[in-house]
Amino acid sequence: MTVSKEYLANAEPEKPNQRFGTRHYIVFMLFLGMANAYVMRTNMSVAIVAMVNQTAIEKDAEVFDDECPDTDYGEDTHDSGQDGEFIWSTSMQGYILSSFFYGYVITQIPFGLLAKRYGAMRFLGWGMLINSVFAFVVPVAARQGGAGWLIAVRFIQGLGEGPIVPCTHAMLAKWIPPNERSRVGSIVYSGAQFGTVISMPLSGLLADHGFDGGWPSIFYVFGIIGTVWSIAFLLTCHEDPVTHPRIREDEKKYIQQSLWGNASVHIPPIPWTSIAKSLPFYAILLAHLGQNYGYETLMTELPTYMKQVLRFSIKTNGVLSALPYLAMWLFSIVVGWVADWMLTSGRVNHTWTRKISNSIGQYGPAIALIIASYTGCSRALTVAILTVGVGLNGGIYAGFKINHLDITPRYAGVLMAFTNCSANLAGLLAPIAAGNIIEGKPTIAQWRIVFVIAACVYLFTATFYNVFASGARQFWDDPENDEPQKPSIEAPSHSEANGNNGTTLTHRTVNEQTS
């Protein structure tokens, strides 16, 4: 049997006649899970403003550039005199905010490996349940144990969220046919932007008008939402179509036939040597590294530039702060649908679809960063560039972000664990590099260096991806190349032994793999 190296549209089995199937429910739940994950990740950045007694701590003198004229708009002085419960220095606030991240990063690879061995669904559900339950502990830890206990609780929340990306990837590999992956991947992972859009304004509203002093209600409300989702996910979702008791037979057949080889009950050991030699894997890895470095520059450093140089704080304006995330969320869904249309039309294969989508998602922000470094003192233009650049970045979800599923459906979660862990570590370099370049001299010229470096990282990694990426399932994940399982030996019956003059007969059973 010869299997095409690209998933061609005309080779896909007939779709079941239903608008909303079981796989669509799984996608919906994974989307909500991703949104919950990013709500839990970002809500502390809003809450900590209300938690800290701003007038009691010694504020470091912030250096501003005088190249641009001052402005009397865009600044919100409402909270300037807000007195929270805690006297935490700026450095201590940094430790609190980063504690979640460290717990999140160190569990990426372990959970990716465990999901491959034991299944992804329960790790994802129980991990998010731990994350959500510990949200209720945040106010108690802060009030009773201080910063140390709060850091410990946030670290545990990060540990619980570790499975979200690798396990989501592993489940998508088992549930989603190849020609639906672009839009499905875009929908699921755009939950990150959706969660951020919901979290930032709602957290601010709860901090001002919530119960128990305001800021604790942020964690109580989102903790309840996350707990309800986790329980619903564990009770109603299943690892794959085969184990789902209520899926329609025609849908199960469609999924299993589309995922050639994925229906096998036997998944061989991870081919580490082949993966280590795989250029398509390194293409995804570098694209992921470049994405996180560039994204952190866009979302964390550009607003700082606007405040220090342009004298305009976008973070104080709830609408403007959410606008880039909203643009990325909407654009990623559009690109996903267009990418799948390109595939189903039969005009473009998976390799070129991924490269085109990824080019939009990474070349676009690179150009936006370069333009932003030359906009001078134009505040409106800089806000527009920020929104367009982050919006175009949504193309990555139909690009490298879903490409793991193309090259290796059976090990997609493992590969995502490695690339996501590495990329999150690379994301730390963006604020470090920017801080060293602009320290003491936040001029337009110095900030231009920051933006151009990030743009070059985007351009290099995107180009490397375009040269070496592939949308074809790799030979080391081709079920036809799997070694047969070792034969098992059944003990002969007593009559068989006697019937052969005491000679023992063995019955060897070999599990043949289907594709």
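The values are calculated or read from the model by the stated rules, or taken from the named source; none is laboratory data. Since we're looking at a predicted model, the values are computed, not measured. Here Cβ is always computed from backbone atoms with ideal geometry, including for glycine, and neighbour counts include all displayed protein chains. Protein only, heavy atoms only, side chains kept; ligands, DNA and RNA dropped before computing areas. Shrake-Rupley method; radii C 1.70, N 1.55, O 1.52, S 1.80 Å.
Consider LEU415 carefully, then state whether it is open to solvent by less than 20 Å² (accessible area, probe 1.4 Å), closer than 13 Å to PHE451 by Cα and in a helix (DSSP H, G or I). When the stated conditions are applied, LEU415 does not pass them.
Hey, any hits in segment 360-373 for a residue that's more than 23 Å from GLN193 (Cα to Cα), at pLDDT below 90 and either not assigned by the TED database to the domain that holds GLU180 or not hydrophobic (A, V, I, L, M, F, W, C) (or both)? Yes, segment 360-373 has at least one match. Among the residues of segment 199-208, is there at least one that is in the same structural domain as ALA47 (by the TED database), within 20 Å of ALA120 (Cα to Cα) and at pLDDT below 90? Scanning segment 199-208, I find no residue that is in the same structural domain as ALA47 (by the TED database), within 20 Å of ALA120 (Cα to Cα) and at pLDDT below 90, so the answer is no. From the list LEU392, LEU386, the one residue that fits, being modelled with pLDDT under 90 and either assigned to a helix (DSSP H, G or I) or open to solvent by less than 20 Å² (accessible area, probe 1.4 Å) (or both), is LEU386. When segment 326-371 is examined, which residues are found to be buried (at least 24 other Cβ atoms within 10 Å of the Cβ), out of contact with any Phe, Trp or Tyr (no Cβ under 8 Å at 6 or more places or on another chain) and more than 19 Å from LEU405 (Cα to Cα)? If the condition is that a residue be buried (at least 24 other Cβ atoms within 10 Å of the Cβ), out of contact with any Phe, Trp or Tyr (no Cβ under 8 Å at 6 or more places or on another chain) and more than 19 Å from LEU405 (Cα to Cα), then MET328, PHE331, ALA368 are the ones that fit.
For segment 107-134, the set of residues classified as of a type outside the set (A, V, I, L, M), under 12 Å from GLY413 (Cα atoms), touching a helix residue (DSSP H, G or I) at 6+ places or on another chain (Cβ under 7 Å) and not in a helix (DSSP H, G or I) is empty. Can TYR305 be described as touching a residue at least 60 places away in the same chain (Cβ under 8 Å), within 20 Å of GLY195 (Cβ to Cβ), assigned by the TED database to the domain that holds ALA455 and in a helix (DSSP H, G or I)? Judged against the criteria, TYR305 is not a match.
Just give me the residues in segment 99-145 being touching a Gly at 6+ places or on another chain (Cβ under 6 Å) and open to solvent by 60 Å² or more (accessible area, probe 1.4 Å), in sequence order. If the condition is that a residue be touching a Gly at 6+ places or on another chain (Cβ under 6 Å) and open to solvent by 60 Å² or more (accessible area, probe 1.4 Å), then ILE130, PHE136 are the ones that fit.
Considering only segment 40-52, state which residues are open to solvent by 10 Å² or more (accessible area, probe 1.4 Å) and either under 24 Å from ASN424 (Cα atoms) or among the β-branched types (Val, Ile, Thr) (or both). Within segment 40-52, ARG41, THR42, SER45, VAL46, VAL49 meet the criteria. The residues on offer are THR387, THR443, and the sole one that is of a type in the set (Val, Ile, Thr) and either at positive phi or under 21 Å from the mean Cα position of the chain (by Cα) (or both) is THR387. Exactly one condition in (1) modelled with pLDDT of 85 or more; (2) under 30 Å from GLY376 (Cα atoms) is not met by ILE438; state its number. It is condition (1) that ILE438 fails. In this structure, PHE331 does not qualify as at pLDDT below 75 and aromatic (Phe, Trp, Tyr). Each residue in segment 154-186 was checked for being in contact with a helix residue (DSSP H, G or I) (Cβ under 6 Å, 6 or more places away or on another chain) and open to solvent by 10 Å² or more (accessible area, probe 1.4 Å), and 6 of them qualify.
Among the conditions (1) modelled with pLDDT of 60 or more; (2) in the same structural domain as LEU234 (by the TED database), the only one that LYS59 does not satisfy is (1).
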